[in-house]
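I have placed the structure first, in the form of structure tokens, so that the comments after it can refer back to it.
Values quoted throughout were computed directly from the atomic coordinates according to the rules given, and no laboratory measurement underlies them. If you're wondering where the values come from, they're calculated on a predicted model, not measured in any experiment. A quick note on method: Cβ atoms are made from the backbone with ideal geometry, for glycine too, and the neighbour counts reach across all protein chains shown.
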Amino acid sequence: MLQTQAHGQGHPVLVFIHGFSCDLSDWKDVVPLLSVSHRCLTVDLPGHGHSPAARPLSVESCAMALNETLDEMGLDDVVLIGHSMGCRVACEAASRSGGRVRGIVCIDGSRVNGAGALEKLERRLAPAGAMAQFLPGFYEDFYIDATPPAVRAFINARRDRMDHELARELLLNFIRWDAAAAVAALARIRAPLLVIQSTALDANMKRVPIPPGTETPWMAAVRAGVPGARFEIMQGVGHFPMLEAPAATAKLIAAFLNTAG
């Protein structure tokens, strides 16, 4: 069973799913705003925070562990709220969980689709110690100029807490998932879905504030796979809107909950 923390009361239960190499503390500023009207459950995915690793560590194994945890807790009326890689886990979990999921919120997801990108990253991360050298630059791409120093420090503080071999395994897996499984998982979703997007990846795979009118590869995949999906653009924040603009993020989630049925 995954490590969880619960706050508040009410249905549906809001289940918050963090991103790659992060943990449930990512939601520390949003949960107090939403737990006044809903039970909020934050989770540490396998191999993150205080949850044991599942091997192999993958989007699929994270989704299965999440669903098993919800089963053990007897939760059958939930909204899954994922950030970054957590968007992948939320969609995979929803596609496997029948009618339990009332809605899905995907916060600043992305999709890397191309064998060339995967092969290049595999070569880069193959040498011993390569992951430790890779992570600082990877984390730096989370931020924009306006990202507050306190947010940067909070995120950077957990950069090396995850086992580097597990981190490498999961990073390569979720890129494989993008190419091989994302379309099918999205097509199996029957719940309302909200995309909150704040950044995009440019031609050099560098994260930038999302330009007006841009549709990212992730947004395009959601639009094609989930008819009726909704899209909200957040300007002026980096990859962690729930930490950089928690009130605005909570407001968008609350508005979605009021209309998702």
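Listing for the model above:
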item	result
Per the chain, cysteines lacking a partner by the 4.7 Å Cβ criterion	C22, C40, C62, C91
Listed candidates [x] 17.7, 60; [y] 16.9, 50; [z] 19.6, 66 - label of the one calculated as Rg and Dmax of the Cα atoms in Å	[y]
Cα→Cβ-extended label distance, 7 Å offset, between Q235 and A184, nm	4.1 nm
Exposure proxy order (Cβ contacts within 10 Å, fewest to most) of H11, H48, H18	H11, H18, H48
Anchor K28: aspartates and glutamates whose Cα lies under 12 Å away (excluding residues fewer than 8 positions away in-chain)	E244
Aspartates and glutamates whose Cα lies under 19 Å from that of K251, excluding same-chain neighbours fewer than 8 positions away	D26, D29, D108, E232
Förster-model FRET efficiency, 30 Å R0, A153 and H11, C-beta, rounded to 0.05	0.25
Proximal lysines relative to K206, as straight alpha-carbon distance under 24 Å, when same-chain residues fewer than 8 apart are discounted	K120
Which of V105, V13, V151, V183 has the fewest Cβ neighbours within 10 Å, and the rest in rising order	V183, V151, V13, V105
FRET efficiency for V36 and E72, using Cβ-Cβ distance with R0 set to 30 Å, rounded to 0.05	0.70
Where GluC sites (Glu not before Pro) fall in DSSP loop in region 141-250, at most 15 other Cβ within 10 Å	E215
Extension reserve of the A254-A220 stretch, reckoned as 0.36 nm per residue once the Cα distance is removed	9.9 nm
